[in-house]
Each structure stands twice: as structure tokens, then as C-alpha cells.
1. Given Cα pairs under 8 Å that are at least 6 residues apart, what percent is the relative contact order of the range 1-79?
2. Keeping the other protein chains in place, figure out the carbon and sulfur percent of the accessible area of the chain, with a 1.4 Å probe.
3. Take the Cα coordinates of the chain, assign each an equal point scatterer, and use the Debye formula without solvent to give log10 I(q)/I(0) at q = 0.10, 0.11, 0.16 Å⁻¹.
4. Based on alpha-carbon centroids, what's the gap between the range 198-265 and the range 90-124 in Å, whole number please?
5. At 7 Å along the Cα-to-beta-carbon direction for both D266 and K51, put a label point, then send me their distance in nm to one decimal.
6. Hey, with R₀ at 41 Å, roughly what FRET efficiency would T144 and N25 work out to, going by the Cβ-Cβ distance, to 0.05?
7. I need to check one value: relative contact order of the range 88-171, counting alpha carbon pairs closer than 8 Å and at least 6 residues apart, in percent.
8. Over all directions, average the projected area of the Cα convex hull of the range 112-189 and note it in nm².
Amino acid sequence: MKKIKLSITKATVSVSTTGTACALNCKHCGRHYLEHMISLSELAKKESILKGTKSLLISGGSTLEGKVPILEHIDEIKALKSKGYRLNFHVGLVDEKEASEISKIASAISFDFVGDDETIRYVYNLDKTVEDYIKTFELLRKYTKKIYPHITVGLMCGKLGHEFRAIDILSRYDHEKIVFIVFIPTANTTFEKCSPPSIQDVRRVFEYARSKFNCELILGCMYPKGNLRDEIGFAAIDNNFNTITQPSPRVIERLKNEGYSIEWSDECCVL
């Protein structure tokens with residue numbers, strides 16, 4: 001019997017170390033997704049927000065150097081861990097000290113990996129290169145095996161650009177899990193009028209990933225809604241992904257009809 005995990009994430013709360021502030025103002029995000037997170041300062045005033053919560057996604061806006069400020073708030077974060085919450089850190093670029101300190105308290109580390117210099121500069125407004133991303137990934141691997149790269153399909157305004165090289169680079173390493181998400185055109189961002197990647201392009205990336213990685217493949221929580229959401233979920237099933245996050249009703253129906261053994265999770269997909 002085929003097995004698959006479906007993740008709903010209702011027991012994980014997203015926390016921003018910077019509130020809604022971000023120095024980069026990336027073209028696909030424009031600080032929009034920070035608005036849906038709880039700030040650390042707000043959490044300190046009203047911890048009742050966390051009733052029923054099992055884990056926290058620790059994230060935030062970036063500095064001009066592509067870093068998510070975490071060490072400045074490490075004591076507050078450690079206090080949350082001491083209360084029993086599992087922590088998934090969504091980090092940007094890190095140095096050795098950051099990699100070491102974060103790894104000590106992380107249940108998981110999620111790291112957006114980009115395989116093209118032009119994409120890094122144009123989308124993230126960041127003067128860094130693929131080599132900087134490789135350096136961060138290797139620093140994190142030095143201190144923990146719980147590092148789970150994320151690859152965004154269609155990051156360049158819905159067009160493919162960095163994905164295949166990102167997969168090629170990451171295929172040099174052993175992994176437990178790789179996460180794929182799909183670009184969503186978002187209102188009030190530079191890319192709001194872009195189209196999401198076609199289902200044909202999504203399938204090409206998923207098929208290539210499955211041919212290159214002998215590890216768990218995960219469809220993460222960020223991907224378009226509507227009929228395309230169904231099709232992306234189907235593409236994940238067809239390419240033997242191990243986890244689908246926030247699955248649509250049609251995806252759940254197909255899995256049941258095909259006799260899958262379904263394991264349900266209510267936390268972040270990498271936890």
C-alpha cells in the first residue's frame with residue numbers, strides 16, 4: 001500500500017523577529033507575508049495566542065545582507081523552546097556563529113535555496129551569489145542534519161530559471177527532506193501581475209527532482225489556489241512526493257480513491 005503524509009499546519013504558529021519590517025522588499029513578497037505572522041514583541045504581551053500550538057516557525061524580514069535577525073532575539077526564542085514548543089527556523093544567509101547557535105535549539109531549519117545569480121539579484125534585491133547560498137547551506141550542515149532546503153518553482157515572475165541548477169547543486173549532498181513551493185502572484189508586490197508557473201513547468205521540475213533525489217520530497221504550504229492547486233497536488237502524487245501540505249479536497253479524494261495510507265500532521269511539513 002502506498003503511503004503519504006498530509007500536513008495541515010494548524011498547530012504551528014508563524015513568528016516574525018522583525019514584525020513587518022524587511023530591508024529587501026523582495027519582488028515576490030513585498031513584506032506581504034510578514035503581515036500574517038505574530039511578532040515576538042506581540043507574543044510576549046499575549047502568549048494566550050499560542051493556545052493549542054505545538055510548534056513555531058521562527059522567521060522574519062531580512063537585512064540588506066540577506067540575514068533574518070535571530071541571534072538578537074535568541075534569549076526570547078530559547079524561552080519559548082523551554083515551554084515545550086518545537087522550533088522550525090526559516091533562516092536567510094548565516095555566518096558560523098549563527099549556524100552554531102541556531103542549530104542548538106532547532107527542531108528543523110528551513111532554507112530557501114536559489115540556483116541562479118541573476119534571480120538572487122533581481123528577485124531578492126540582494127547583492128549575493130549562488131556561492132553565498134552554498135556557503136550558508138554547508139555551514140548549517142556542519143552543525144545539524146535537520147536542514148531542509150526549499151526550492152521555489154517559478155520564482156522569476158512565474159518563469160523557470162534557477163530550479164534545475166538548484167536541484168543539480170543540492171543533489172551533490174545527502175538529504176532527509178527537500179521542500180518545493182510554487183510562486184504565487186501576490187497583490188501589492190512587484191510581481192503581482194505575473195502569472196504562476198504553468199502546470200507543465202511544475203511537472204518538469206517535480207519529475208527532475210524525483211530523478212535526482214533519493215530522499216523525502218515535500219510539497220510545502222506555499223502554492224497557488226484554485227484549479228492549479230489541484231493540478232500541483234496531482235503532480236506531487238504522480239512524482240511520488242512523500243508529503244503534501246494544505247492539500248485540496250480533490251487531492252484528498254484522489255488519494256483515498258487510489259487506496260493510499262494517509263498519515264495526517266497538524267504541524268509544519270518538515271516537523
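The values are calculated or read from the model by the stated rules, or taken from the named source; none is laboratory data. Note that the structure is a prediction, hence the values are computed from the model and not measured. Counting neighbours? That spans all protein chains shown, and the Cβs are built from the backbone with ideal geometry, glycine included. Only protein heavy atoms, including side chains, enter the accessible area calculation; ligands, DNA and RNA are left aside. Shrake-Rupley method; radii C 1.70, N 1.55, O 1.52, S 1.80 Å.
1. Details: 103 pairs, mean separation 31.7, N = 79.
Relative contact order here is 40 percent.
2. Working: 5930 of 12490 Å².
Result for the chain: 47 percent of the exposed heavy-atom area is carbon or sulfur.
3. Ignoring solvent entirely, the Cα scatterers give -0.48, -0.59, -1.36.
4. When both Cα centres are located, 25 Å separates them.
5. Placing both labels 7 Å beyond Cα along the Cβ direction yields 1.4 nm.
6. So, using R0 = 41 Å, E works out to roughly 0.85.
7. That works out to 34 percent.
8. Details: hull surface 21.2 nm².
Averaging across all directions leaves 5.3 nm² for the Cα convex hull.
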